[in-house]
Every structure is written in C-alpha cells, then in structure tokens.
Amino acid sequence: VQLQASGGGLVQSGDFLRLACVASGRTGTSYTQAWFRQTPGKEREFVAKVTTRGGTVAVADAVKDRFTISRDNARKTIYLQINSLKPEDTAVYYCAVDPSNRFGSDGYVYRYWGQGTLVTVSS
C-alpha cells in the first residue's frame, strides 16, 4: 500500500486548505484512513479518521470546529478540509491506513504511512 499526500503549502492565518491523500495498492475494501500531524520536537498528534465502509468519522477535539475529514472511496482518497488556519496548525500532515480497520487514534495501529505534506501558517 502506498499513500500520497498533497495540498500543503504556505498560507496566512485565517486561510483554508484542503489536503488530499490517495491510497494505492492492495488496501482491501474496509479499512481506516487517518490524518496525523507532527511538528519538530513534538509527538505525532492524531487529527482525524474515517472508515471506508460506513464512513464513520472522528476528529480530534482540539480541531473539530475547524477540521473536516471526508472520503471518496471510488478514488481511494481522503480529504482534510482545514478552515481558519492558525500558526499552531503548522506541521507536517501525514496520512495513514490501518487495514485491520480498528478505528484507532494511536499511530501504532496504522501500518501504512505516507510521506507527509507540510503546512506552514504565517501570522
């Protein structure tokens, strides 16, 4: 399984972005796909997750008023809509897949990881 994240960039505070993550390879038909983020010196942080079957979603409490996760199963793609960006959103955003579909929020349950896309928010 390969994951390709895109959509990051340099934006100003208050702007919005939509990140995308395309999965390829033998993912199966029922799995959890998630977004995490990490800044230097900090631990990886769960952001949002979605199941491919049923579309169950969850977003971290700290960002749920501004972040939305969605999916397009036909394209094996998930999206992360980020509104009202803040400087503290600056991070590398990673997408990940758990083929066992455990709907976890801990990174260790995710077997496959993409290379990440950098989001930089200037104040």
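The values are calculated or read from the model by the stated rules, or taken from the named source; none is laboratory data. These numbers were taken from a predicted model, which means no experiment stands behind them. Neighbour counts run over all protein chains shown; Cβ positions are idealised from the backbone, glycine included. Just the protein is used for accessible areas: all its heavy atoms, side chains included, with ligands, DNA and RNA removed. Shrake-Rupley method; radii C 1.70, N 1.55, O 1.52, S 1.80 Å.
With respect to V50, is the statement that it is surrounded by 17 or more Cβ atoms within 10 Å (Cβ to Cβ) and of a type in the set (A, V, I, L, M, F, W, C) true?
So V50 fits the description; yes.
Condition test on N83, is it farther than 19 Å from G8 by Cβ and not basic (K, R)?
no
Go through V11, V63 for me and flag whichever is under 25 Å from R111 (Cβ atoms), of a type in the set (V, I, T), surrounded by 13 or more Cβ atoms within 10 Å (Cβ to Cβ) and out of contact with any Asp or Glu (no Cβ under 6 Å at 6 or more places or on another chain).
V63
Taking into account only those residues within region 88-123 that are open to solvent by 20 Å² or more (accessible area, probe 1.4 Å) and of a type in the set (A, V, I, L, M), which is nearest to Q33 (Cα to Cα)?
Of everything passing the filter in region 88-123, V92 is nearest to Q33 (Cα to Cα).
Look through region 14-45, keep the residues that are in a loop (DSSP other than H, G, I, E, B), of a type outside the set (A, V, I, L, M, F, W, C) and under 17 Å from Y93 (Cα atoms), and return whichever of them is least open to solvent (accessible area, probe 1.4 Å).
Out of the qualifying residues, it is T39.
Pick out the one residue from S70, S84 that is of a type in the set (G, A, S) and surrounded by 14 or more Cβ atoms within 10 Å (Cβ to Cβ).
S70
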